[in-house]
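Written out below as C-alpha cells is the structure these notes cover.
What follows is calculated from the coordinates using simple rules that are stated; it is not laboratory data. For clarity, every value in this text was computed on a predicted model and none was experimentally measured. FYI the Cβ positions are ideal-geometry reconstructions off the backbone, even for glycines, and counts take in every protein chain you see.
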Amino acid sequence: MSSPSSKHTVFVLGGTGTTGSSVVNGLLEAGKYHVIVGVRSSSLEKPEVSKLRERGVEIRAIELTFPPAELDAALKGVDTVISTTYYTEIDKQVPLADAAKRVGVKRFVPDDWATPCVRGVRKFYDQKGAIQDYVKSIGLGYTFIDVGIWTVLAFPEDKEETEDSFIPSKSHRITGTGNVKNALTHIPDIGKFVAEIIDDERTLNKYVFCWGDEKTQNEIWEIARKAKADASGGPLKAKPVFESEEDVRTKLKNAKDWSIQQIGEEYNWSMYIRGDNNVESAKKPEYGGALDARELYPHIKVSSAEDIAKELYKQ
Ligand SMILES: NC(=O)c1ccc[n+]([C@@H]2O[C@H](COP(=O)([O-])OP(=O)(O)OC[C@H]3O[C@@H](n4cnc5c(N)ncnc54)[C@H](OP(=O)(O)O)[C@@H]3O)[C@@H](O)[C@H]2O)c1
C-alpha cells in the first residue's frame, strides 16, 4: 500500500454533511486519494466522524475562524481543498482560500454544488460568485462545480399533507407552467463525478456542471404517478399545488432579506420561471461556460429521474 503522502491528498471541509459524504464516498471508492475531512472542534465526537476514521479517513479539526497559522497547519500537505460546508459559511471561505494559497494547494473547489445562474438573480448565487472571484483574484487554482437540484428534492413526498416550504418535495408545488426543464443530480452521484474532476487537468481553472437527468416539473409528476402505480397499483397520495409566477413574486417581496425563505424562493424563481438550471444554460459564457461532466466522463453511470422514482415510491 502506498503511504498517504504519495497519494493525491484531498481535504474535504464539511465531509460529514450531505454533499460532503457523497464526495468522501466517491474519493474513497476511487481508491487513489488520501482523504482528510475537516470538522469543527464541536463535531469531533460525532458518530459520523468515528465512522470516517474507521474507513481510513484522516480527521483534522478546523474552524474557519482559526488564525492563519492554524489554518495553514490544518491544510498542511494538501493538494486539493473541497469545501462542502453549511450554507451559512460561504463568506467565511476567504481565510480558507488564503491559507490554501499560502501552503501551495493546487486546486480549490469552493462551496457551490447548486444550480447555474447569472449574477443579480439570486443573492446566494452572488455570494458564492464573490468567493469564486476571490479565489481567482489570489491566483489559486480552482474548479467550480454545480450539480443542479438534488433529484430527491424535485419529487413530491407521497403524502397528502404539504409543508409550508419552498422545497418542491415538501410543498408539492408546481411553479409557473411546470414545463421548464431542470437539471437534477442524485446525491450519491456527486462524489463519483468529483473523484474524476479533481484528477483531471482539463478541469483546472474551469467550471464543471454535473447532472444526472433533465426534467420539467410536469414530467417529474408523471414519472412519480407511474412509479407509484407500478409499485403498488394505487394512485400517488400527493396532489400538486399550483403557484403562478405572480405568487412567487409576492413570496419574494414578503421574504425577509437573507432569510432561508428568500434564498429558497429565489431558487424557485431562477429554476422554474427563468429556466436557469439546465445544461444548455450552464454551458453559456454568461453562466460561466461550464464543461459538461457527462461529456467528460461518459463511463460514469448516473441515476435517472425514473431510477429515483422507483426507489422513492416502492412499498
Ligand atoms: N443542489 C442542491 O439541491 C442542494 C441542496 C442543498 C444544499 N446544496 C448546497 O450544497 C452545499 C453543502 O450543503 P449540504 O446541505 O450538503 O451541507 P450540510 O449537510 O447542511 O452541512 C455540511 C457540514 O457543514 C458543517 N458545518 C459548518 N458550520 C455549520 C453550522 N453552522 N451548522 C451545521 N453544520 C455546519 C458540518 O460539518 P461538521 O459538523 O463536521 O463540522 C456539516 O456536516 C451548499 O453549498 C449548499 O448550498 C445544494
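For T9, what residues show an amide H to amide H distance below 5 Å, using hydrogens built from the backbone and excluding near sequence neighbours?
It is H34, D79, T80, by chain and number.
Taking a cut-off of 17 Å between Cα atoms, list the aspartates and glutamates near K283, but don't count ones fewer than 8 places away on the same chain.
D112, D146, D213, E214, D292, E295
Set the bar at 20 Å for Cα to Cα. Now go through K101/K206; K92/K253; K92/K136; K128/K206; K206/K301 and name every pair that lies beyond it.
K92/K253; K206/K301
What lysines could a cross-link reach from K51, if we take a straight Cα to Cα line under 24 Å and drop same-chain neighbours fewer than 8 places away?
Reachable lysines: K7, K32, K76, K192.
In deg cm²/dmol and to the nearest 500, what is the mean residue ellipticity at 222 nm of the chain if only DSSP H runs of at least 4 residues count, each as -39500 (n - 2.57), divided by the residue total?
-11000 deg cm²/dmol
Tell me which residues come under 5 Å, amide H to amide H, from F144 once H is placed; ignore anything under 5 positions away on its chain.
Long-range HN contacts for F144: K206, Y207, V208.
Considering amide H positions built from the backbone, and no H for Pro or chain starts, which residues 5 or more places from V241, or on another chain, come under 5 Å of its amide H?
R173, I174
Report, to the nearest 10°, how far helix 217-232 tilts away from the longest principal axis of the Cα atoms in the chain, using its own Cα long axis and a range of 0 to 90°.
Relative to the chain, helix 217-232 is tipped by roughly 80 degrees.
Based on alpha-carbon centroids, what's the gap between segment 102-136 and segment 254-315 in Å, whole number please?
So the two Cα centres are separated by 16 Å.
Let me spell out the model: positive unit charges on the Cβ of Lys and Arg, negative unit charges on the Cβ of Asp and Glu, origin at the Cα centre of the chain. What dipole size does that give, in debye rounded to 20?
Roughly 380 debye for the chain.
What fraction of the Cα pairs in the chain, stated in percent, has a spacing above 30 angstrom?
Percentage above 30 Å: 35.
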